[in-house]
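The values are calculated or read from the model by the stated rules, or taken from the named source; none is laboratory data. Quantities reported herein were computed from a predicted structural model and do not represent experimental measurements. No Cβ is skipped: glycine too gets one built from the backbone with ideal geometry, and neighbour counts run over all protein chains shown.
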Amino acid sequence: MKDVVKWFTRMGVVPRALIIGLTMFVAFGVPTALVPLPLIAYKRMIPATVLDYLLLAAVSGLVGLYASYRLRKNAPEKGGDMKAFGATIAGLFSFACPICSVLLVSLLGSAFVLTYFEPVRHPLGVAAVGALVYLVYVERKNCRACKEGN
């Protein structure tokens, strides 16, 4: 296992980001029923839109890129990890079915979710993508290993 971890950390930023991004795409897409899986008989109560798929792809790719920069050997110790986590969760809620989300419905109630959360779901996703773009930009700017060309 240690050899796999060493191999993964020695990879370049882009291949590592692709692996992490594709993993996140499947990990986020299957429970939200945007990526069909025949083993799970689950159907969204609100039909998926093109924007849901775009947000899934953008959040997954940006999380993969951010994580890839953070896994660099010479990456700065301080990063926006909690901000990236918050933006990722906001992005996840933006393309997930709000009625099917047990967490949202149990915390807020189905009437509140449909009345107040559903209309701001996609703008929340756009804000999450903007936050992740900013965090990737800051991480790229501060990455010493990236400046050295490694």
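Details
- Given (1) surrounded by 13 or more Cβ atoms within 10 Å (Cβ to Cβ); (2) assigned to a helix (DSSP H, G or I); (3) out of contact with any Phe, Trp or Tyr (no Cβ under 7 Å at 6 or more places or on another chain), index of the condition Trp7 fails: (1)
- Apart from one condition, Val120 fits all of (1) at pLDDT 90 or above; (2) of a type outside the set (Ser, Thr, Tyr); (3) exposed (fewer than 12 other Cβ atoms within 10 Å of the Cβ); (4) within 17 Å of Arg70 (Cβ to Cβ); the exception is (4).
- For segment 95-111, the count of residues that are under 22 Å from Tyr53 (Cβ atoms), over 11 Å from the mean Cα position of the chain (by Cα) and either acidic (Asp, Glu) or modelled with pLDDT of 90 or more (or both) is zero.
- Any chance Ala145 is assigned to a helix (DSSP H, G or I) and either at pLDDT below 85 or loosely packed, with under 11 Cβ neighbours inside 10 Å (or both): yes
- Number of residues in segment 71-84 that are surrounded by 15 or more Cβ atoms within 10 Å (Cβ to Cβ) and modelled with pLDDT of 85 or more: the value is 2.
- Taken across segment 82-94, residues that are farther than 27 Å from Met11 by Cα and touching a Lys or Arg at 6+ places or on another chain (Cβ under 6 Å) do occur, with at least one present.
- Number of the condition not met by Tyr137 [criteria: (1) exposed (fewer than 14 other Cβ atoms within 10 Å of the Cβ); (2) aromatic (Phe, Trp, Tyr); (3) touching a helix residue (DSSP H, G or I) at 6+ places or on another chain (Cβ under 6 Å)]: (3)
- Restricting segment 12-65 to residues that are within 23 Å of Ser110 (Cα to Cα), in contact (Cβ under 8 Å) with a residue 24 or more places away in the chain and charged (D, E, K, R), the residue that is surrounded by the most Cβ atoms within 10 Å (Cβ to Cβ) is Asp52.
- Pairs meeting the criteria (first residue in segment 104-122 and closer than 18 Å to Thr88 by Cβ, second residue among the aliphatic types (A, V, I, L, M), beta carbons under 6 Å, at least 6 apart or on different chains) are Leu104/Val113; His122/Leu51.
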